[in-house]
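S.K.: There's a structure below that I have some questions on.
The values are calculated or read from the model by the stated rules, or taken from the named source; none is laboratory data. Source: prediction; values computed, not measured. All Cβ positions, glycine included, derive from the backbone under ideal geometry; neighbour counts span all protein chains shown.
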Amino acid sequence: MPIPTNASIGRGFSIQNGLNRDFLCRPASIVAPELLGWRLCRRIEGEVYYATIVEVEAYEANDPACHGYQKKTNRNGAIFGAPGSVYVYLIYGIYHCLNIVTDREGICSAVLVRAVEITPIPPWCQDKPHRVGAGPGKLCRALKIDRSLDGLFLTKDNDLWLEPPGRMKDKTIVQTTRIGLTKGVDIPWRWYIKDNRSVSRYRTPSSPQENAT
């Protein structure tokens with residue numbers, strides 16, 4: 001499996017009016033680090049909340065940790081969808097997780113959005129402002145993302161869309177192995193923006209599985 005090691009924020013793309021679908025027509029392991037700094041936008045009751053993506057993980061067809069690794073089912077069907085759609089699943093019967101589908105329709109490939117920095121802070125959130133979106137379940141709760149969005153496209157018509165990053169200072173991206181898995185544990189397909197306070201979890205600087213680019 002290809003393992004990208006030289007990621008940059010929004011590298012190589014000039015998009016003026018939102019998401020260019022071609023950006024997502026590539027494997028998740030390539031798209032994931034390039035999504036850092038993009039804004040996930042969510043409209044709720046007329047109010048738009050902007051969630052800057054600060055942490056991601058990639059999952060692909062030949063990855064034993066991917067939900068579509070063995071076969072397509074009614075539950076995981078959305079991960080085989082067209083690039084630019086979303087796959088939303090439930091863990092522990094409580095927490096929803098948002099994935100952005102990539103590559104080609106019929107191929108299971110998706111980027112898990114692990115953490116975001118949200119502004120403005122939704123009034124129903126009680127956490128510290130920088131921790132409101134610090135985890136996949138927390139960000140879905142804050143942005144009211146659930147299974148009703150599963151399989152939908154990221155468009156303003158669906159009240160959930162992506163916007164490319166504006167002018168940003170250079171950020172250091174850290175690459176590590178993924179979190180909370182029992183399979184594919186050695187695959188380093190997790191990326192986050194270094195020193196961002198909304199990242200869900202940091203590894204110790206001495207960890208041999210950490211790589212800054």
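S.K.: Sort out which residues of the range 180-193 are surrounded by fewer than 17 Cβ atoms within 10 Å (Cβ to Cβ) and either charged (D, E, K, R) or modelled with pLDDT of 95 or more (or both), and write them in order of number.
M.R.: 183, 186
Listed here are the residues, each with its yes/no results for (1) without any contact (Cβ under 8 Å) to a residue 60 or more places away in the chain; (2) closer than 14 Å to residue 42 by Cα.
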position	(1), (2)
94	yes, no
99	yes, no
114	no, no
119	no, yes
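Condition check ((1) in contact with a Cys (Cβ under 9 Å, 6 or more places away or on another chain); (2) surrounded by fewer than 21 Cβ atoms within 10 Å (Cβ to Cβ)) across all residues:
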| residue | (1), (2) |
| --- | --- |
| 112 | yes, no |
| 130 | no, yes |
| 144 | no, yes |
| 150 | no, no |
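S.K.: Then there is this: Only one of these conditions is not met by residue 61: (1) surrounded by fewer than 20 Cβ atoms within 10 Å (Cβ to Cβ); (2) more than 13 Å from the chain's Cα centre (by Cα); (3) more than 23 Å from residue 186 (Cβ to Cβ); (4) in contact (Cβ under 8 Å) with a residue 40 or more places away in the chain. Which number is it?
M.R.: Every listed condition holds for residue 61 apart from (3).
S.K.: Taking the condition of being farther than 19 Å from residue 177 by Cβ and either among the small types (Gly, Ala, Ser) or not in a helix (DSSP H, G or I) (or both), how many residues in the range 24-38 meet it?
M.R.: Number satisfying all stated conditions: 4.
S.K.: So residue 103 clears everything in (1) crowded, with 17+ Cβ neighbours inside 10 Å; (2) assigned to a helix (DSSP H, G or I); (3) of a type in the set (Asp, Glu) except one condition, right? Which one?
M.R.: (2)
S.K.: Only one of 156, 128 is free of Cβ contacts under 8 Å to residues at least 12 places away in the same chain and of a type outside the set (Asp, Glu). Can you tell me which?
M.R.: One residue alone meets the criteria, 128.
S.K.: Shifting gears a bit: Just one of the numbered conditions (1) modelled with pLDDT of 90 or more; (2) closer than 12 Å to residue 36 by Cα; (3) not aromatic (Phe, Trp, Tyr) is not true of residue 155; which one?
M.R.: For residue 155, the exception is condition (2).
S.K.: Search the range 118-174 for residues being touching a Lys or Arg at 6+ places or on another chain (Cβ under 6 Å) and not hydroxyl-bearing (Ser, Thr, Tyr), and hand back the single one that is nearest to residue 78 (Cα to Cα).
M.R.: Only one residue fits best here, namely 160.
S.K.: Another question about this same structure. Which of the residues spanning the range 152-178 are surrounded by 14 or more Cβ atoms within 10 Å (Cβ to Cβ), in contact with a strand residue (DSSP E or B) (Cβ under 6 Å, 6 or more places away or on another chain) and of a type in the set (Val, Ile, Thr)?
M.R.: 155, 173, 174, 176
S.K.: Next question, about the same structure. Is there a residue in the range 67-83 that is surrounded by fewer than 23 Cβ atoms within 10 Å (Cβ to Cβ) and within 20 Å of residue 200 (Cβ to Cβ)?
M.R.: Yes, the range 67-83 has at least one match.
S.K.: Find the residue count for the range 118-136, including only residues that are under 12 Å from the mean Cα position of the chain (by Cα) and not in a loop (DSSP other than H, G, I, E, B).
M.R.: 1
S.K.: For the range 88-100, how many residues meet the condition of being more than 16 Å from residue 65 (Cα to Cα), surrounded by fewer than 17 Cβ atoms within 10 Å (Cβ to Cβ) and in contact with a helix residue (DSSP H, G or I) (Cβ under 9 Å, 6 or more places away or on another chain)?
M.R.: Qualifying residue count, the range 88-100: 3.
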